[in-house]
1. Scan the stretch 310-325 and report the pairs whose first residue is among the hydroxyl-bearing types (Ser, Thr, Tyr) and whose second residue is open to solvent by 30 Å² or more (accessible area, probe 1.4 Å) and modelled with pLDDT under 90, with Cβ atoms within less than 7 Å and a gap of 6+ or a chain change.
2. Before we move on, is Ser305 touching a helix residue (DSSP H, G or I) at 6+ places or on another chain (Cβ under 6 Å) and open to solvent by less than 50 Å² (accessible area, probe 1.4 Å)?
3. In the stretch 109-154, what count of residues is obtained for those that are polar (S, T, N, Q), under 21 Å from the mean Cα position of the chain (by Cα) and not in a loop (DSSP other than H, G, I, E, B)?
4. Suppose the filter is surrounded by 16 or more Cβ atoms within 10 Å (Cβ to Cβ), over 18 Å from the mean Cα position of the chain (by Cα), assigned to a helix (DSSP H, G or I) and of a type in the set (Gly, Ala, Ser); does Ala162 pass it?
5. Would you confirm whether any residue within the stretch 91-105 is over 21 Å from the mean Cα position of the chain (by Cα), among the basic types (Lys, Arg) and open to solvent by less than 40 Å² (accessible area, probe 1.4 Å)?
6. Could you list, in sequence order, the residues of the stretch 115-135 that are in contact with a Phe, Trp or Tyr (Cβ under 9 Å, 6 or more places away or on another chain), open to solvent by 20 Å² or more (accessible area, probe 1.4 Å) and closer than 21 Å to Gly89 by Cα?
7. On the given criteria, is Glu294 within 19 Å of the chain's Cα centre (by Cα), open to solvent by 20 Å² or more (accessible area, probe 1.4 Å) and closer than 30 Å to Gly192 by Cβ?
8. Which one of the conditions (1) surrounded by 14 or more Cβ atoms within 10 Å (Cβ to Cβ); (2) over 18 Å from the mean Cα position of the chain (by Cα); (3) among the acidic types (Asp, Glu); (4) under 20 Å from Lys333 (Cβ atoms) does Glu44 fail to meet, given that it meets all the rest?
Amino acid sequence: MKKLFWNARPMVFATLVAATCSLASPVLAQTEEEEESPAMTPAEVLAAAPTEHWLPISVSDLMVLTLPDATDGAKRQAVIQLLPANLSGGHVRNVRTFARTRWWDSTKIYRVAQDFVTQFGGNPDAKKLPKGLETVPESEYFNAALGTKRDADMTALKAAVAYNNEYVGTNIQPLMKIIYESYGAKVGFGAGWPIGSKTIDGETKYYPVTCRGSLSPAHYDPPDSGTGAELSVITGEAARNLDTTFGMVGRVIDGLEHLQNLPLGTAPGGFYTDKSQHIKIQSIRLASELPLAEQPAYEYLSSYSPALLQYLEAHDGYGNICTIPVPIRKVSK
């Protein structure tokens, strides 16, 4: 076979609206005098965003990928956020199995294609796969729960913006093109994730959008969709054609530079021509299995926060749902 290497419910909604509409914070409130002042920068918008609008990322959804130290002794780690269980399927469950069994330890990065992907995992080691893996059909690239969450968050955002504009005196613009821009598909944010949808055979299908930093499983010819043993980290911006052809299991939220700034492969497709060039992966661990003091902690700006629109607007209307993602920040425990 040929390997393909890519060349809420009403009560919840009411709670979200109440949470966003009840906060007249500096990021939302404007006087006539302030309207004439210089526009806030993206960093200033985030600094002024209500604390309540920053939501925790569950440690159970995090993995830590560790490479050997750099030549200067610097640590090289990347933190990966997996799609939550309720928004994903068999591929993510398989990835958790690989991490839990420590299967990736000592496997290799064997492909680094400039502005495209960094690929690692089973090939070329051909390790025996762990027990309990699922056979995942391509249909699981889509998940209806993604659409439910996206639409609930976007509806709550619209309501919050309307409330603040009318009753708090703000001038937050309505949902911008930047949120809905896509390649013939409607997109939006849900639970901090970029989520797309398109109509297939008369049915609306929802999927996570493949942006820079995303993890996609390599696979053989359809209907095989891969186990998740071999993963590619998207390092370029032009990867949207992968949205529903390879699927997406998670994203790198910290340390992407350690997977991107590696020697480039010189063979076609960015593969290393010699095994001596392969870069060893020291370990990939579920963060919840690390000692408590070593478990990372992150927050994301809620998809229903009006501050999200102000953050997007602060980029002067340039970019798209991938180039201006929902902000994520590391926090102290």
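The values are calculated or read from the model by the stated rules, or taken from the named source; none is laboratory data. Please read all numbers here as calculations on a predicted model, not as lab measurements. Please note: Cβ atoms are built from the backbone with ideal geometry, for glycine as well, and neighbour counts cover all protein chains shown. Only protein heavy atoms, including side chains, enter the accessible area calculation; ligands, DNA and RNA are left aside. Shrake-Rupley method; radii C 1.70, N 1.55, O 1.52, S 1.80 Å.
1. Sorted first by the residue in the stretch 310-325, then by its partner, the pairs are Thr323/Glu237.
2. Details: touching a helix residue (DSSP H, G or I) at 6+ places or on another chain (Cβ under 6 Å): yes; open to solvent by less than 50 Å² (accessible area, probe 1.4 Å): yes.
Yes.
3. Of the residues in the stretch 109-154, the ones polar (S, T, N, Q) are 114, 118-119, 123, 135, 139, 143, 148.
Of the ones still in play, those that are also under 21 Å from the mean Cα position of the chain (by Cα) are 114, 118-119, 139, 143, 148.
Going one step further and asking which of them are not in a loop (DSSP other than H, G, I, E, B), we end up with 118-119, 139, 148.
Looking only at that region, the number is 4.
4. Numbers: surrounded by 16 or more Cβ atoms within 10 Å (Cβ to Cβ): no; over 18 Å from the mean Cα position of the chain (by Cα): yes; assigned to a helix (DSSP H, G or I): yes; of a type in the set (Gly, Ala, Ser): yes.
Here the answer is no, as Ala162 does not meet what is asked.
5. Checked the stretch 91-105: no residue is over 21 Å from the mean Cα position of the chain (by Cα), among the basic types (Lys, Arg) and open to solvent by less than 40 Å² (accessible area, probe 1.4 Å).
6. Result: Leu129, Pro130, Leu133.
7. Details: within 19 Å of the chain's Cα centre (by Cα): no; open to solvent by 20 Å² or more (accessible area, probe 1.4 Å): yes; closer than 30 Å to Gly192 by Cβ: yes.
Considered against the rule, which asks whether it is within 19 Å of the chain's Cα centre (by Cα), open to solvent by 20 Å² or more (accessible area, probe 1.4 Å) and closer than 30 Å to Gly192 by Cβ, Glu294 comes out as no.
8. (4)
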